[in-house]
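Asker: This is the structure I want to talk about, given as structure tokens.
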Amino acid sequence: MAINWKTEWKPLLITIAVFLVFYYLPVGNIKFENAIIEALHLTRWYAQEHVLLCLIPAFFIAGGIAAFVNQNSVIKYLGAKTKKILAYSVASTSGTILAVCSCTVLPLFAGIYKMGAGLGPATAFLYSGPAINVLAIVLTARVLGIQLGIARAMGAVLFSIIIGLLMHIIFRKEETKNARMALSEQEVSRPLWKNAAYFAAMVAILVFANWSKPAEAVGLWQTIFTLKWIIVSVTSIILGIMLVRWFGIRWWKVFGVGVITVLLTLIFPHKPLIPFGAAVIGLSWFTSTNKGEAGEWFSQSWGFAKQILPLLLFGVLVAGLLLGRPGEEGLIPSSWISHSVGGNSLGANLFASVIGAFMYFATLTEIPIIQGLVGNGMGKGPALALLLAGPAISLPNMLVIRSVIGTKKTIVFVSLVIVMATITGMIYGTLFK
């Protein structure tokens with residue numbers, strides 16, 4: 001039987017490409033091997049610091065949105081036909097209560113988009129979630145100067161609105177079609193205030209479990225950091241009561257998981273990830289074995305985890321290979337980056353925006369990185385461009401966005417962020433030389 005090359009040419013090219021990659025693999029090259037080590041270090045750090053505390057709570061919140069939130073409620077506030085002032089006000093300010101990075105916001109974005117949120121408000125939320133972090137804004141002003149802190153805050157809010165509106169305009173025909181298809185009737189199983197209390201508890205666990213240690217060990221931020229695990233514990237108890245009374249979970253299951261978590265806390269008082277991990281396993285157990293809406297909650301959460309987590313880990317691995325960890329070096333020399341962001345030229349601002357867009361920044365890590373670059377001659381304009389593009393998107397972030405909204409919309413979204421960050425950086429650098 002003759003081979004049909006019209007269908008087989010793609011597998012052949014892929015095979016040849018893979019062969020050539022391994023044939024010319026620069027094994028033994030110190031720079032290449034160091035980049036691989038950096039990629040593995042970054043991925044391990046991400047797995048240790050972000051998966052359990054950030055992503056898993058975010059998956060459960062996203063699953064809760066899909067399972068418990070009435071679809072028409074999402075459409076009412078964030079739908080394509082919602083009044084723009086309402087939709088974009090909600091979406092653009094949502095990040096003020098979410099101390100999340102560009103990856104942790106993804107399950108939440110996927111959840112509201114799946115439930116019928118318009119593309120414009122959904123992408124406004126996608127940008128604002130990690131960009132408008134109150135703690136990050138305050139720290140930026142304190143470390144990099146009040147002017148840059150204010151510019152970052154104003155730029156992030158305006159960015160989210162403008163990018164959302166442009167996404168809506170560019171894909172208006174598709175938005176109109178989806179808006180017609182999204183309308184449906186759903187039975188409301190509990191009052192709005194109960195769902196609001198549930199989500200408030202879940203968001204509180206996400207925010208306080210990831211509360212970072214402040215630069216100065218005094219003041220309100222330090223007090224919250226000291227008490228964060230107590231706050232998480234109290235909130236978890238309240239959540240457990242809600243699950244029993246409102247969601248049909250057997251009380252003895254919740255109580256048993258609580259006892260195990262308390263015992264592990266006493267045995268490992270300085271390793272909070274152990275009891276936190278046990279609580280997550282317990283929550284997964286008694287929700288996955290429930291045949292009611294709690295089982296649907298776990299099913300939706302697991303669906304987001306399967307879709308998002310592999311892409312994120314692969315993206316972090318590639319980002320580490322190319323750019324290394326903060327303070328370290330990957331395949332791209334850090335000296336190239338330092339030399340390319342000086343002054344306030346179009347090239348410097350564009351380069352800062354592109355590097356920021358593809359590099360992965362954990363929450364608050366962008367500030368010391370930019371502080372070091374500024375010390376090495378980085379211009380004020382490129383600094384702002386990096387602040388506006390960096391924390392909001394990243395290579396891992398792009399891979400997941402593509403799986404949710406498609407390649408075309410992802411390219412447009414990323415391009416808008418880069419272009420607007422570049423223009424804003426140039427304007428700021430010109431005004432504040």
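Asker: Just to be sure I understand: with springs between alpha-carbon atoms less than 10 Å apart, which residue in 399, 55, 25 has the highest mean-square fluctuation in the Gaussian network model of the chain?
Answerer: Fluctuation is largest for 25.
Asker: What accessible area per residue comes out for the chain, rounded to a whole number of Å², with a 1.4 Å probe?
Answerer: Values: 21350 Å² over 433 residues.
Here the residues of the chain average 49 Å² of exposed surface.
Asker: Quick check: net charge around residue 110, other residues with Cβ under 15 Å of its Cβ, Lys/Arg +1 and Asp/Glu -1? Please report the intermediate quantities before stating the final value.
Answerer: Working: positive: 114, 306, 402, 409; negative: none.
Its environment carries a net charge of +4.
Asker: For the chain, modelled as a GNM with alpha-carbon contacts under 10 angstrom, which of 412, 218, 232 fluctuates the most?
Answerer: Judging by the Gaussian network model, the answer is 218.
Asker: Next question. Apply the a/c threshold of 1.5 to the C-alpha gyration tensor of the range 223-272 and tell me whether it is rounded, prolate or oblate.
Answerer: oblate
Asker: On the protein heavy atoms, probe 1.4 angstrom, tell me the percent of accessible surface of the chain carried by carbon and sulfur.
Answerer: 70
Asker: Could you tell me which label, among [x] 23.4, 85; [y] 22.8, 77; [z] 20.8, 67, carries the value of Rg and Dmax of the Cα atoms in Å calculated for this structure?
Answerer: Of the listed options [x] 23.4, 85; [y] 22.8, 77; [z] 20.8, 67, [y] comes from this structure.
Asker: Given that compact globular proteins tend to follow 2.2 N^0.38 Å, what is the ratio of the alpha-carbon Rg of the range 241-358 to that value?
Answerer: Details: Rg = 22.7 Å, N = 118, 2.2 N^0.38 = 13.5 Å.
After normalising by residue count via 2.2 N^0.38 Å, the value is 1.68.
Asker: Something else about it: Using 18 Å as the Cα-Cα cut-off, could you pick out the over-long pairs in 84/194; 213/380; 271/306; 213/271; 173/409?
Answerer: Those over the limit are 84/194; 213/380; 271/306.
Asker: Which helices pass in the chain if a helix is a full DSSP H run, must span at least 30 angstrom along its long axis by Cα, and must have mean Kyte-Doolittle hydropathy not below -0.5?
Answerer: TM-like helix candidates: 146-170, 219-246, 293-323, 407-431.
Asker: Next question. Please report the spacing between the Cα centers of the range 331-346 and the range 361-406 in Å, no decimals.
Answerer: Cα centres, the range 331-346 to the range 361-406: 14 Å.
Asker: For the range 291-345, what ratio Rg/Rh do Cα atoms give with a Kirkwood hydrodynamic radius?
Answerer: 1.36
Asker: Where is the GNM fluctuation largest for the chain (alpha-carbon springs, 10 angstrom cutoff): 394, 335, 301?
Answerer: Evaluated over the chain, the most mobile residue of the options is 335.
Asker: From zero outward in steps of 5 Å, how is the percent of C-alpha pairs of the range 299-415 spread across the bins?
Answerer: All Cα pairs considered, the percentages come to 2, 12, 20, 22, 19, 12, 7, 3, 2, 1, 0.
Asker: Hey, another quick one. Report the local net charge at residue 278: Lys and Arg +1, Asp and Glu -1, summed over other residues whose C-beta lies under 15 Å from its C-beta. Mind showing how you got there, number by number?
Answerer: Numbers: positive: 253, 271; negative: none.
With Lys, Arg at +1 and Asp, Glu at -1, the net is +2.
Asker: Net charge within 14 Å of residue 42 by Cβ-Cβ distance, Lys/Arg positive one each and Asp/Glu negative one each, not counting residue 42 itself?
Answerer: -2
The values are calculated or read from the model by the stated rules, or taken from the named source; none is laboratory data. Just so it is clear, the model here is predicted, and its values are computed rather than measured. In this analysis, Cβ positions are derived from the backbone assuming ideal geometry, glycine residues included, and neighbour counts consider all displayed protein chains. The area values use the complete protein model at the heavy-atom level, side chains included, leaving out ligands, DNA and RNA. Shrake-Rupley method; radii C 1.70, N 1.55, O 1.52, S 1.80 Å.
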